[in-house]
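Colleague: First the structure, which I've put down as structure tokens, then a few questions once you've had a look.
None of the figures in this text is laboratory data; all of them are computed from the coordinates on show. Just so you know, these numbers come straight off a predicted model, no measurement behind them. We place every Cβ from the backbone using ideal geometry, glycine too, and count neighbours over all the protein chains shown.
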Amino acid sequence: MSYELFEHRADIGVRGKGKTCEQAFEECAKAMFSAMVDVERVAPKKKVQFDAHASDLEALLPEFLNNLLYVRDVQGMVFSRFEVKDLRQGPGQWGLKASAWGEKFDPNRHEPKTEVKAATFYQLSVRKTPQGFVAECVVDV
């Protein structure tokens, strides 16, 4: 499993890789938060749970990431650990259950970087590779 940021003219691309699609989503979330703060300094003190739903697997990625941004904004939290489970295709939609662990944002400790506003459909891709899965999109900063 790994995550990385990739260059984009005006925004930032986030990419997650994993043996499973769930792991790729988790790593993509870690990439997004690494663009905002030093995730190594974020203690996994509080667990937040939520569901995400979308019309297809690719659309589920920005929905998942935007749910995390919503929690960040409403609860003032940043996250360093993620778990996606129960990724499933139902009638006419995909869904997942997710958990994220983090703590209240502290600018003195978390070393703020870039503010991410939203995950977008630009360069959106969720694909299977010989090594596993890759999930990526561009986030608006």
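Colleague: Just report the Cα centroid separation between the stretch 27-42 and the stretch 77-141, whole Å.
Modeller: The distance from the Cα centre of the stretch 27-42 to that of the stretch 77-141 comes to 10 Å.
Colleague: Relative to the first principal axis of the alpha-carbon coordinates of the chain, what is the inclination of helix 57-75, with its axis defined by its Cα atoms, in degrees from 0 to 90 and to the nearest 10?
Modeller: 20 degrees
Colleague: Separate question: For the stretch 2-140, what is the charge dipole size about the Cα centre, in debye to the nearest 20, if Lys and Arg each add +1 at the Cβ and Asp and Glu each add -1 at the Cβ?
Modeller: I would put it at about 360 debye.
Colleague: Karplus couplings for the stretch 31-47 from phi (6.51 cos²θ - 1.76 cosθ + 1.60, θ = phi - 60°), rounded to Hz, Gly and Pro as x?
Modeller: Once θ is set to phi - 60°, the couplings for the stretch 31-47 become 4, 4, 6, 5, 6, 9, 8, 7, 5, 5, 9, 9, 7, x, 7, 10, 9 Hz.
Colleague: Here's something else I'd like to know. How big is the chain on each of its three principal axes, counting only the C-alpha atoms and giving the largest first in Å?
Modeller: 44, 33, 25
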